[in-house]
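One structure is given here, and the rest of the page talks about it.
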Amino acid sequence: MDAIKSFLEKDFYWNTVGEWLLALGIILASVMAGRLLFWVLSNVVKKLTERTETKLDDILLDMVEEPIAFAVAILGIWYGLDSLNLPDVGHVWINRIYYLLIIFNVAWLVNRVLDALIQEYIVPIVEKSESDLDDQLLPILKKGIHAAVWIMATIVGLNNAGYDVGALIAGLGIGGLAFALAAQDTVANFFGGITIFVDKPFTVNDWIIINGHEGIVEEVGIRSTRIRTFPGRLITIPNKVFAESAIENVSAEPSRRVILMLGLTYDTSHTRIKEALGILAEIYEKFSPQLEEKHLELFDSFGDFSLNVKFVYYIKKGEDVFQTNSAINLEILERFNTAGLDFAFPTQTIHATVQK
């Protein structure tokens with residue numbers, strides 16, 4: 001016992017070994033208390049809130065359980081370290097770091113709660129609205145709120161840590177020119193985003209083609225726009241590209257024009273050509289609910305290998321373009337085969353002269 005007591009009373013960096021062990025015990029106990037509190041909130045309190053009619057308490061609990069547990073842990077760590085006999089500069093830095101962690105923890109908590117409230121109450125309203133503008137503005141609003149919260153947390157944290165925030169902000173003016181030069185692309189992307197919102201060349205969920213990229217617009221942000229291609233890949237394009245490039249908005253078309261060139265064999269008589277045109281007109285009438293009123297069936301040209309019949313029709317906006325096109329093609333194939341109208345394929349006839 002005397003040996004243990006002597007060991008615990010031994011000085012080590014301004015404190016006894018016993019005081020260091022006590023501080024370590026406080027730190028470990030606070031970390032365990034934080035984990036225990038997180039377990040209680042997740043498994044006990046959450047079951048109680050699930051019984052209430054409102055979802056607000058469930059949302060708030062789900063968002064605050066991690067920051068609260070973290071706050072308990074850092075409080076214990078600060079208390080354990082502050083109980084030690086350290087030089088004044090050591091206590092100053094411990095307090096500064098503690099204040100910074102608390103402020104950033106509060107900012108984390110605020111952002112989580114705001115995210116949950118937006119997801120629960122604002123997103124359903126946005127999804128029900130007919131306008132796509134709110135779908136574009138919501139991600140920017142969320143990012144703007146996050147940025148504002150973290151900027152305020154940084155300013156308050158640095159101020160409480162003893163730094164002169166005003167002097168730091170003023171000092172940024174010295175390097176303002178260099179910063180502006182380095183941020184040219186960022187500024188260009190920002191104004192490109194404004195151009196998208198003002199001119200509206202496309203909106204969220206539109207099918208667009210730009211610089212060889214084709215897909216559905218998923219999100220329009222401050223710096224970039226995300227497009228989901230048909231193979232399922234996500235492409236992120238800087239907004240300045242949209243201000244500099246031609247954009248083809250497929251979703252904005254009033255209807256989809258389809259041009260079919262049907263080549264019939266050269267032994268097809270003019271009567272049979274007229275029959276083919278009549279069949280195409282009948283097919284148009286059959287699919288008229290999915291098609292616009294304008295259509296065209298005509299004997300187009302004498303090709304190298306075929307007599308070309310052209311069929312032009314327009315699929316209405318909102319109809320399934322691919323399914324309608326496929327159904328019409330199958331109908332043409334079936335009707336032409338039934339009528340004995342043969343499609344041509346490239347052929348050549350070679351006449352040889354036999355010399356005797």
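Values in this text are rule-based calculations from the coordinates and carry no lab data. Since the structure is predicted, the reported quantities are computational estimates derived from the model, not experimental observations. No Cβ is skipped: glycine too gets one built from the backbone with ideal geometry, and neighbour counts run over all protein chains shown.
Here are a few things to note about the model shown:
- Pair ARG335, ASP115: separation of 7 Å Cα→Cβ label points (nm): 5.7 nm
- The slack between TRP39 and LYS317, meaning 0.36 nm per residue of separation minus the straight C-alpha distance, is 94.7 nm.
- Candidates per chymotrypsin sites (Phe, Trp or Tyr not before Pro) in region 268-328, loop by DSSP, up to 15 other Cβ within 10 Å: PHE305
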